[in-house]
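See below for the structure under consideration.
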Amino acid sequence: MTALTAFLTRNPDAILVTVAKAKGSTPREEGALMLVSATEIFGTIGGGQLEFMAIDNARALLSGEGVSRMDIPLGPEIGQCCGGRTQLAFERLTPRLIADLESRLAAEEDAYPRVMLFGAGHVGQALATALAPLPLRVTVVETRAAALDGLPDTVERHLAAMPEALIRDLPGGSAVVILTHDHALDFLIARQALARGDLAYVGMIGSATKRATFKHWLDREAGGTVTADRLVLPIGGTTVRDKRPAVIAALVTAELLTALAGRP
């Protein structure tokens, strides 16, 4: 279930707010959107007083009042100093609008960078949760069915007896993070990922000792045809020495976003 589907299931009556025009310095670009129901918000048009005004008007429309367009100067008069001007369009959701919205968001999501997490232990679960709200297509791969329980709804799940075989189907520019419960399996997955040569990020949880062990194993098994030069191990860097899963997840999330920002 996508985040949009989940929102619409909970909120069948909502207003679509779209940035129709954006001039000068504005919080969001033309086409940015937000859905507003009586109790929830999906998306954002930039926050601040502009968004508060849009939410108030959308909820007024739900009760039969409000206006269908707003032209808002982003200056001191509304307590927002961007200096630009934003025109907003408001539409009550209809089946046609929902279909158009689902199609648009699906196309955007198809273009998101792919991130494949191998392993859904404590760190895998924490990292999947950290990545779930970001503009990424996240898949968690496990050999243990029970480990896939409790993942965010927007994260894809894949149960596989041979996880390393999934590497070949990833688009170029994807990211791979290896966090399984089995070092031998970690090594097999990493070898396949590093052999690709076109992935934006290949990372493995572990220590400097694990890196040295993997390098020795790779030299023996691959005969120099694959190297560990591009392997990020340990993941998350070495500056923050906090090993709690949520902290590691935050550090790796920043690392992934940096790596994916530079992909072709």
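Stokes-Einstein D for the range 98-158 at 25 °C, 0.890 mPa s, Kirkwood Rh over Cα pairs, in µm²/s? Present the calculation step by step, with values, prior to reporting the outcome.
Values: Rh = 12.2 Å.
Answer from the Stokes-Einstein relation: 201 µm²/s.
At 222 nm, what value in deg cm²/dmol follows for the chain if DSSP H runs of at least 4 each add -39500 (n - 2.57) and the sum is divided by all its residues, to the nearest 500? Present the calculation step by step, with values, prior to reporting the outcome.
Working: 7 runs with 95 residues, N = 264.
Result for the chain, helices only: -11500 deg cm²/dmol.
Looking at the range 1-139 alone, DSSP beta bridges between its own residues are antiparallel in about 85 percent of cases.
Measuring how big the chain is from its alpha-carbon positions, Rg and Dmax come out at 22.5, 73 Å.
Classify the range 158-264: rounded, prolate or oblate, from the alpha-carbon gyration tensor (a ≥ b ≥ c, eigenvalue square roots; a/c under 1.5 rounded; otherwise prolate if a/b is larger than b/c)? The partial results should precede the final answer.
Values: a/c = 1.44, a/b = 1.18, b/c = 1.22.
Rounded.
Residues in the range 151-172, backbone N under 14 Å from the label point at residue 29 (7 Å along the Cα-to-beta-carbon vector): list them, ranges by number please. Residues passing the 14 Å test: none.
Taking 7 Å steps out from each Cα toward its Cβ at residue 2 and residue 181 produces label points 3.4 nm apart. Give me the distance between the Cα centres of the range 1-19 and the range 226-264, rounded to whole Å. Result: 33 Å between the Cα centres.
Counting DSSP beta bridges with both partners in the chain, what percentage is antiparallel, nearest 5?
On the way: 20 of 39 bridges.
DSSP beta bridges in the chain are roughly 50 percent antiparallel.
A Gaussian network model of the chain, with springs between Cα atoms under 10 Å, assigns the largest mean-square fluctuation among 28, 137, 157 to 28. Distance from a point 7 Å along Cα→Cβ of residue 144 to each backbone N in the range 120-136: keep the residues under 19 Å and list them by number. Residues 120-129 qualify, since their backbone N sits under 19 Å from the label point. Kindly identify the range 178-228 as rounded, prolate or oblate by the Cα gyration tensor criterion: order the square roots of the eigenvalues as a ≥ b ≥ c, call it rounded if a/c is under 1.5, otherwise compare a/b with b/c, prolate if a/b is larger, else oblate. Oblate, since a/c reaches 1.5 and b/c is not below a/b. In straight-distance terms, cross-link reach from residue 243 covers every one of the lysines whose alpha-carbon lies under 17 Å from its own, apart from those fewer than eight places away in the same chain; here that gives 210.
In plain terms, the chain from residue 111 to residue 10 could stretch by 33.7 nm, reckoned as 0.36 nm per residue minus the Cα-Cα distance. Here the extension length gained between residue 165 and residue 97 equals 20.5 nm, from 0.36 nm per residue of separation less the Cα-Cα distance. Where a Cα-Cα gap under 13 Å defines reach, which aspartates and glutamates qualify for residue 21, not counting those fewer than 8 residues away within the same chain? Output for residue 21: 29, 30, 71.
No value in this document is a laboratory result; all are computed from the given coordinates. Computed from a prediction, not measured in an experiment: that's the story for all the values here. Note: ideal-geometry Cβ built from the backbone for every residue, glycine included; neighbour counts use all protein chains shown.
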